[in-house]
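Taking it in order: structure first as structure tokens, then the write-up.
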Amino acid sequence: MGTDAASVPERVRWAVDVLAPQPGERVLDIGSGTGASVGLLLERLAATDATGRPPVVAIDRSATAVARIRERVADAAASVEVVLAPLAALDASLGPFDAAFGVNVNVFWTSAAVAELRALAAAVRPGGRLLIAYGIGPVPLADAGHLDGVEAAIRATPWFSVTDRLAAPHGSGILAERTAAPVDE
């Protein structure tokens with residue numbers, strides 16, 4: 001599947017570069033929106049993982065977004081599973097994922113995102129990467145205050161360890177590593 005370079009925002013390219021997905025990995029794309037990030041992931045990942053499962057799972061809570069993603073990746077449908085659900089309702093059996101990321105996903109800066117981080121911890125493998133990224137420029141979510149909130153939310157859980165705070169011309173974000181699984185009480 002080729003990616004139309006003009007239709008992929010620089011902040012999305014930057015985030016995928018930071019995530020650095022490798023062939024053989026499985027990636028969860030959170031809040032995929034138009035599916036532009038899915039195309040970039042598919043260019044870097046193998047067609048399936050060792051078990052024959054799609055290397056990319058795209059989750060979005062919007063039926064309109066899910067329809068756009070499915071349309072955009074129709075020629076690579078076997079390599080992508082598209083899920084209509086809020087992140088907090090992520091089915092852990094879709095994993096394990098080597099990495100998960102979201103660009104401009106508002107739940108991480110509008111709340112403590114505990115249910116969402118718990119769902120991610122259940123689906124991302126130990127040592128797996130989590131990138132919560134925001135665009136710079138006309139996107140108003142890249143200021144230090146938003147990153148402070150995202151970093152605090154991640155640090156407040158026992159499931160992820162923040163490894164880096166990133167800022168570049170096209171994006172900013174918090175990179176974390178999955179350190180512990182949620183314990184059901």
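The values are calculated or read from the model by the stated rules, or taken from the named source; none is laboratory data. A quick note: this is a predicted structure, and the numbers were derived from the prediction, not measured. Side chains are part of the model used for accessible areas, which takes the heavy atoms of the whole protein and leaves out ligands, DNA and RNA. Shrake-Rupley method; radii C 1.70, N 1.55, O 1.52, S 1.80 Å.
Ignoring ligands, DNA and RNA, please state the percent of accessible area on the chain from carbon and sulfur, probe 1.4 Å. Kindly include the intermediate steps, with their values, before the conclusion.
Numbers: 4350 of 8020 Å².
About 54 percent, which is the carbon plus sulfur part of the accessible surface.
Note down the relative contact order for the chain as a percent, whole number, built from C-alpha pairs under 8 angstrom at least six residues apart. Before the final figure, lay out the partial values.
Working: 395 pairs, mean separation 36.4, N = 185.
Once normalised by length, the contact order is 20 percent.
I'd like to check one number: the per residue accessible area of the chain, probe 1.4 Å, reported in Å² as a whole number. Write down the numbers at each step before the final one.
Working: 8020 Å² over 185 residues.
Result: 43 Å² of accessible area for each residue.
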What shape does the range 40-91 have by the C-alpha gyration tensor, where a ≥ b ≥ c are the square roots of the eigenvalues, rounded means a/c under 1.5, and otherwise prolate means a/b greater than b/c and oblate the rest?
oblate
Taking a ≥ b ≥ c as the square roots of the Cα gyration tensor eigenvalues, with a/c under 1.5 meaning rounded and otherwise prolate when a/b beats b/c, else oblate, which class fits the range 11-110?
rounded
For the range 6-47, how big is Rg over Rh, using alpha carbon atoms and the Kirkwood form of Rh?
0.93
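For the chain, rounded, prolate or oblate, judged on the Cα gyration tensor with a ≥ b ≥ c (square roots of eigenvalues), a/c < 1.5 rounded, else prolate if a/b > b/c?
It comes out oblate by the Cα gyration axes.
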